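Undergrad: Let me begin by handing over the structure; questions about it come next.
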């Protein structure tokens, strides 16, 4: 009887920790009101709970109980990894929006591509934000090249070449690559020929 109570107590503790872990990721903000750079304190707490639950598993005596708890722990770990990936993608998108640098947009795009399929809404939302950043960079590059072609001023040419070189680093978007080739490259060639 004492052994059964001890086993039941361990199972109860493990389940409580698992429930806290599974529910914990749902407490994190998932809308545009999110903090700019999200902390990982909650994830550390959940991971700590998962590790504690794993330690308690050693005390669980029946195989069925152990398997059930292990399945729950696997789900907690899967959810936690998914949430960490979502946060990394979010932070990359925020950075890309701030810097408007093509390499940062590429990095954010990669983070989005590698997000788990289950996070469809976040993938769509993050891509929409990046599309706006990419469009702004495209507009800035086109305008800078137009100004440089019209003025042929060395400062305008330097600024246009800088932004052209930046946007030329595009990855993960063949449509933009083609647009650069068709729209920007001829303008860049005009000012590059003059600046030599």
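Undergrad: I need the helices (runs of 4 or more DSSP H) fully contained in segment 89-176, keeping only those with at least 2 residues that are farther than 23 Å from residue 78 by Cβ, free of Cβ contacts under 8 Å to residues at least 40 places away in the same chain and more than 15 Å from the chain's Cα centre (by Cα). Steps first, answer last, please.
TA: Working: elements: 102-113, 120-151, 154-167.
Output list reads 120-151, 154-167.
Undergrad: Determine whether residue 114 is over 20 Å from residue 188 (Cα atoms) and either out of contact with any strand residue (DSSP E or B) (no Cβ under 8 Å at 6 or more places or on another chain) or modelled with pLDDT of 95 or more (or both). First the steps, then the outcome.
TA: Details: over 20 Å from residue 188 (Cα atoms): yes; either out of contact with any strand residue (DSSP E or B) (no Cβ under 8 Å at 6 or more places or on another chain) or modelled with pLDDT of 95 or more (or both): yes.
So residue 114 fits the description; yes.
Undergrad: Which residues, counting only those in segment 149-178, are within 18 Å of residue 136 (Cα to Cα) and buried (at least 17 other Cβ atoms within 10 Å of the Cβ)? Don't jump to the end; show me each part of the working.
TA: Just the residues of segment 149-178 that are within 18 Å of residue 136 (Cα to Cα), to begin with: 159-178.
Matches in segment 149-178: 160, 161, 163, 164, 166, 167, 170, 176.
Undergrad: So which of 61, 55, 67 ends up being out of contact with any strand residue (DSSP E or B) (no Cβ under 7 Å at 6 or more places or on another chain), modelled with pLDDT under 90, farther than 18 Å from residue 173 by Cβ and not in a helix (DSSP H, G or I)?
TA: Working: 55 fails: not in a helix (DSSP H, G or I); 67 fails: not in a helix (DSSP H, G or I).
Answer to the check: 61.
The values are calculated or read from the model by the stated rules, or taken from the named source; none is laboratory data. Note that the structure is a prediction, hence the values are computed from the model and not measured. Here the Cβ is made from the backbone with ideal geometry for all residues, glycine too, and neighbour counts use every protein chain on show.
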